[in-house]
Structures are given as structure tokens and as C-alpha cells.
Amino acid sequence: MNDDLTVLGIESSCDDTAAAVLRGREILSSVVMGQAELHAAFGGVVPEIAARAHAEKLDHAVEAALAQAGVELRALDAIAVTAGPGLIGGVLSGVMCAKGLAAATGKPLIGVNHLAGHALTPRLTDGLGFPYLMLLVSGGHCQFLVVRGPEEFTRLGGTIDDAPGEAFDKVAKLLGLAQPGGPVVEAEARRGDPKRFALPRPLLDRPGCDMSFSGLKTAVLRARDALVTEKGGITAQDRADICASFQAAVADVLAEKTRRALALAPGMGALAVAGGVAANGTIRAALETVAAQDRATFVAPPLKLCTDNAAMIAWAGAELFAGGQRDGMDLAARPRWPLDQTSTPMLGGGKRGAKA
Amino acid sequence: MITLGFDTSGPWCGAALIVDGDCPAARYEDMTKGQAERLMPMLQEVLAEAGAAWGDLDRIGVGIGPGNFTGVRISVSAARGLALGLGVPAMGVTLLEALAYGTEGPVLACLDARRGQGYFQRFGYGTAEPFLGSLDDLEPEPGLKCIGSLGAEAAAHLGAAHAPALYAPGSAIARIAARRSAAAPERPAPLYLRAADAAPPREAPPVILPETLP
């Protein structure tokens with residue numbers, strides 16, 4: 001088992017440069033260097049800007065994680081790195097930095113799927129046993145997975161277009177709020193009326209647990225434009241009410257689809273959530289209620305382990321290492337890498353391959 | 001002293017080992033993609049051919065561009081990982097300096113930067129800073145040699161000579177790094193010379209009105 005393994009994790013797949021050291025399930029250090037200020041002027045993450053920052057921050061993040069953990073490179077059992085999916089420039093920098101470290105130290109290199117990092121986090125934080133139902137909900141992904149092993153994932157359903165995190169960002173942008181949209185929209189929603197705007201709950205009329213959030217985004221745009229047409233702008237209260245109504249719609253959809261996912265996979269003792277959107281209090285509460293109704297244990301990792309971090313990569317790496325995985329110096333960085341390799345792809349295709 | 005140099009800033013993957021001024025092993029392969037997969041195995045081959053191990057290295061030399069942004073980051077990230085893991089300095093060398101290395105007299109290093117532009121650097125005359133510009137930004141110089149992927153065009157434009165680079169990129173970079181002063185070098189960072197393509201959002205946010213009293 002991986003109880004005593006000391007593993008360095010490296011993560012750079014979006015706009016956080018992160019490194020962490022784990023010993024067993026103990027997080028000795030978890031360094032996350034954000035880049036929000038670099039992207040603020042552009043209303044979203046700019047891939048080239050993110051890649052430039054990662055290339056010059058990664059080794060500093062690793063040094064800081066080792067120093068905080070009080071662990072030297074030679075004491076590591078393995079070096080785990082996000083090898084995809086994500087913004088390829090950042091993933092490449094992380095993979096190459098990890099290869100350099102692994103070659104220099106002779107330590108085993110483990111390429112980790114970023115989504116597996118999220119999906120296995122409840123085992124790190126709560127020691128959850130297999131199998132369990134996972135709702136992975138972030139800026140780039142939204143899917144229900146039955147997790148049976150470190151590499152055994154079955155997708156029950158997921159978004160057919162945008163991820164909820166993207167919708168939060170887009171709504172923030174439409175309303176002149178800062179990026180990333182998640183925390184800002186949630187803060188606005190706290191003083192808003194969730195019933196004022198009747199926004200759609202897409203795909204609730206269809207069976208199964210597939211979801212759609214693109215139409216919801218458009219509905220928010222229409223609600224905003226109606227107000228602007230009527231009075232030339234929107235008030236702060238209008239904005240708060242739109243945020244609250246939008247957040248309520250997302251929470252309703254996720255809750256109902258989670259109910260259906262639990263029904264599709266009977267016998268799951270636990271419902272776990274991960275990903276940045278799982279940090280939203282209203283959504284978390286809605287999911288907790290659904291789990292309680294189904295008598296499933298609800299597991300939501302602490303916020304800092306829900307958003308992107310390297311502790312989850314170190315943990316997933318430790319699980320893979322214990323299972324015998326070792327990657328070579330030809331390890332590839334992959335922009336797309338679906339967790340469920342057997343189900344028919346539902347999103348993306350063409351030259352870059354399936355997204356989910 | 002043993003220095004390993006490598007470069008992926010253009011459509012190639014190149015590496016060389018310099019041991020006390022000699023080059024016992026070097027590789028150069030034309031490559032438009034797959035550099036991230038090929039680089040480290042190539043470095044291992046170079047070391048093995050020279051009978052050296054990672055732990056024998058005293059210094060890393062790495063190409064920092066200008067060139068392909070992603071390619072530059074592949075080598076720079078690997079170099080920084082190696083330097084941290086080995087506890088040896090890594091030194092960044094520009095591809096422009098690598099092109100000019102070993103050529104006597106005034107030299108203009110010229111790289112195609114696309115969009116009708118080039119990356120240029122003057123050696124042995126004029127100002128020394130690398131820059132992004134067009135052929136019209138260049139001035140003639142007696143005895144000038146133009147070297148690099150835009151060397152022929154620049155030479156024709158200036159009425160100067162066109163000359164080949166004397167060394168492959170990896171080899172030149174290893175030699176330059178080996179000769180540099182080792183006094184606390186800064187960590188290698190990509191030399192982009194061109195800003196990231198990014199535009200602020202086009203759509204203006206809505207006007208926020210003052211609250212009206214009920």
C-alpha cells in the first residue's frame with residue numbers, strides 16, 4: 001500500500017502553478033502559486049500567458065514545497081506530474097520539469113491524469129474506499145463517475161456543452177464582475193433573490209444524467225439585456241438577483257442529476273464531489289441534501305483541495321506507483337485525456353481527440 | 001568540466017556534451033513536433049555515448065530562443081528541473097548568440113519571426129541587444145555576415161554576405177555555456193521578444209445604475 005510513500009506532486013494544467021509533498025495521506029506541504037493578476041485584464045485565462053508563467057515558476061514551487069515539507073529530493077519515492085488534460089503549454093512545462101528532476105535524481109516518474117487527481121482526492125482526505133460516485137465539477141469539466149480503482153472510472157453522464165465553471169465565469173463577465181467568476185458570483189448571490197428571474201433548468205426533462213449549461217448562460221444574457229433595454233443599465237440589486245437566480249438554476253440541475261446518478265449506480269456508499277465548483281456553498285448544500293435522502297455519505301474535500309492543487313497529483317501518483325506504474329522519459333503531455341477510456345466519447349473529437 | 005547543452009527553440013532537437021573543450025557526443029535531429037518526448041532520451045543517448053552519467057555534469061546550457069514559444073519552454077523547463085535535481089547551474093543562451101558563435105568579424109544573427117518580421121542581434125558592431133523588427137530596421141556594415149534562417153534575405157537586403165552557422169544549436173549552446181563565468185547565473189528564462197497574443201474583452205460590461213428608491 002502507499003501509506004509510507006513520500007511523493008512530490010507537480011501541477012500546471014491551467015492557471016495555478018503548484019507543487020506538494022505527501023507522506024502517505026499526510027500533506028507535508030502544498031504550494032499553489034496563482035496567476036489571477038496576470039489574466040485579470042483579459043477576462044479569462046490566456047493560454048500563452050499561463051504557459052509563460054508556469055515555465056518560470058515551476059522550479060520555485062517545487063523548491064518551496066520541498067523546503068516547507070523539510071524533505072530533500074533524495075528522500076522521495078516518486079515524482080508525480082500532471083500529464084494532461086489541460087492547457088498544453090502549461091502541462092508541457094510541468095512534464096519537462098518533472099522529467100528533469102526525475103532524470104537528475106533517478107527517482108521514478110509518474111504521469112497523472114489531472115481529473116484522476118480530483119476524482120481520487122476523497123481517498124486522500126477521507127480514506128474513502130472503492131467504489132464511490134464522484135461528481136467532478138470544475139471550470140473545464142462536469143461529469144458523474146463511478147470510481148472503482150485508481151484507473152477504473154465509468155462515466156454515467158456529463159455536460160454536453162459547457163462546464164458550470166465556464167458558465168460562472170461567463171455570467172461574471174456579462175455582469176461586469178471580476179474573474180474567476182465562481183467566488184464573485186457566489187458573493188453577489190448571497191444578497192440576491194434566487195426567484196426573481198425564471199431561468200431554465202436545461203435537460204431536466206430528459207432521462208439520464210447528462211447536463212447542459214450553455215443555454216443557461218444565454219438566458220442570463222437575455223435577462224441582462226432586457227434590463228438594459230428597459231432602463232439603460234442594471235442596478236447592483238439586479239446584478240445580485242441575476243447571480244442568485246443563476247446559481248439556483250445550476251444547483252437545481254446538479255442536485256437533480258446527482259439524484260439520477262445515484263439511482264443509476266445503486267450500492268454506492270458515498271457521493272463525493274471535487275473540482276472548483278464544489279467550493280460553492282449553495283451547490284454543496286444542495287448535493288448534501290440529495291446524498292442524505294439517498295442515505296449516501298457525502299464527502300466534499302476542503303476547499304483548497306477541491307480547486308487545483310498538487311497534493312491531489314501526488315496522491316494519485318502514489319496510488320499509481322503502488323499499482324506498479326512507472327513512466328519513461330518519453331512521457332507525453334496530452335491536451336485531452338478522458339478518464340473513462342471505454343465509454344463512447346460525448347464531447348469533443350477530431351484531431352485533438354475526445355474531451356470527455 | 002562537463003557541460004550538457006541542448007535546444008528545441010526551432011524545428012529541431014539538438015544536444016551536445018562538452019568535456020574540457022572537446023565534444024565527445026552530439027545529436028541533431030530535424031523535428032517539427034514530438035520534441036517533448038524526444039529531448040530527454042536524446043540527452044541520455046549523448047551522455048551514454050560519452051560514457052558519462054547525469055551526476056557527472058557540472059553545468060547545463062540551454063537555448064532560450066527566440067523562436068517557437070512552446071519549443072523554448074520545453075528545453076527551459078527541462079533545464080530548470082535538471083539544475084534543481086543535480087544542484088548545478090543552468091545557463092540560458094540565446095539562439096542568436098548560438099548562430100553567431102565562432103564566426104569572426106561583424107555578424108548579424110537573423111531568425112525568421114513570421115508576419116514579415118525577424119529576430120535580430122548584432123555581434124561585433126552597433127548595439128548588442130536582440131530585437132524584433134523588419135529588414136528595413138537593419139543597416140549595412142562593412143564586412144558584415146548574415147547568419148540564420150532569415151540570413152539570406154537579410155544579406156540580399158543589405159548587400160552583405162550570407163554565411164552558415166558554424167555549429168549546430170545544441171553544440172554552440174553547450175560551448176558558450178561552458179565558457180561563461182559561473183558566478184551566480186540567473187535561472188534560464190525564455191527570450192520571447194514578442195508579447196503573448198491576448199486581447200482585452202471586446203464587449204463592455206453593462207452600466208451599473210444607482211439604486212432607485214421604492
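Hey, any hits in the stretch B:171-186 for a residue that's in contact with a strand residue (DSSP E or B) (Cβ under 6 Å, 6 or more places away or on another chain) and open to solvent by 70 Å² or more (accessible area, probe 1.4 Å)?
Among the residues of the stretch B:171-186, at least one is in contact with a strand residue (DSSP E or B) (Cβ under 6 Å, 6 or more places away or on another chain) and open to solvent by 70 Å² or more (accessible area, probe 1.4 Å), which makes the answer yes.
Test each condition in (1) within 14 Å of chain B (Cβ to nearest Cβ); (2) touching a Cys at 6+ places or on another chain (Cβ under 9 Å); (3) open to solvent by 30 Å² or more (accessible area, probe 1.4 Å); (4) of a type in the set (Gly, Ala, Ser) for A:GLY106 and report the one that comes out false.
Of (1) within 14 Å of chain B (Cβ to nearest Cβ); (2) touching a Cys at 6+ places or on another chain (Cβ under 9 Å); (3) open to solvent by 30 Å² or more (accessible area, probe 1.4 Å); (4) of a type in the set (Gly, Ala, Ser), only one is false for A:GLY106: (2).
Contact list please: Cβ distance under 8 Å, first residue in the stretch A:196-224 and over 22 Å from A:LEU177 (Cβ atoms), second residue β-branched (Val, Ile, Thr) and open to solvent by 20 Å² or more (accessible area, probe 1.4 Å), pairs at least six apart or on different chains.
A:LEU203/A:ILE160; A:ASP210/A:ILE160; A:MET211/A:ILE160; A:SER212/A:ILE160
I'd like to verify a number: residues in the stretch A:117-171 that are surrounded by fewer than 24 Cβ atoms within 10 Å (Cβ to Cβ) and of a type in the set (A, V, I, L, M), how many?
5
Identify the single condition in (1) hydrophobic (A, V, I, L, M, F, W, C); (2) open to solvent by less than 20 Å² (accessible area, probe 1.4 Å); (3) outside the structural domain of B:THR8 (by TED's automatic domain parsing); (4) not in a helix (DSSP H, G or I) that B:ALA155 does not satisfy, given that it satisfies every other one.
Every listed condition holds for B:ALA155 apart from (4).
Go through (1) among the small types (Gly, Ala, Ser); (2) touching a residue at least 12 places away in the same chain (Cβ under 8 Å); (3) open to solvent by less than 20 Å² (accessible area, probe 1.4 Å) one by one and return the number of the condition A:GLY233 breaks.
Failing condition for A:GLY233: (2).
Modelled with pLDDT of 95 or more, out of contact with any Ser or Thr (no Cβ under 6 Å at 6 or more places or on another chain), more than 14 Å from every other protein chain (Cβ to nearest Cβ) and assigned to a strand (DSSP E or B), is that true of A:ILE27?
It is true that A:ILE27 is modelled with pLDDT of 95 or more, out of contact with any Ser or Thr (no Cβ under 6 Å at 6 or more places or on another chain), more than 14 Å from every other protein chain (Cβ to nearest Cβ) and assigned to a strand (DSSP E or B).
Has the stretch B:72-90 got any residue that is more than 14 Å from chain A (Cβ to nearest Cβ) and either at pLDDT below 95 or under 18 Å from the mean Cα position of the chain (by Cα) (or both)?
Checking the stretch B:72-90: not a single residue is more than 14 Å from chain A (Cβ to nearest Cβ) and either at pLDDT below 95 or under 18 Å from the mean Cα position of the chain (by Cα) (or both).
Could we say that A:VAL147 is among the β-branched types (Val, Ile, Thr) and under 26 Å from A:ASP294 (Cα atoms) here?
Answer is yes for this residue.
Assuming A:ALA78 fulfils every condition listed in (1) among the aliphatic types (A, V, I, L, M); (2) in contact (Cβ under 8 Å) with a residue 60 or more places away in the chain; (3) within 12 Å of chain B (Cβ to nearest Cβ) apart from one, which condition is it?
For A:ALA78, the failing item is (3).
The values are calculated or read from the model by the stated rules, or taken from the named source; none is laboratory data. As the structure is a computational prediction, the values presented were derived from the model and not from experiment. A quick note on method: Cβ atoms are made from the backbone with ideal geometry, for glycine too, and the neighbour counts reach across all protein chains shown. Areas reflect the complete protein model, heavy atoms only, side chains present, ligands, DNA and RNA absent. Shrake-Rupley method; radii C 1.70, N 1.55, O 1.52, S 1.80 Å.
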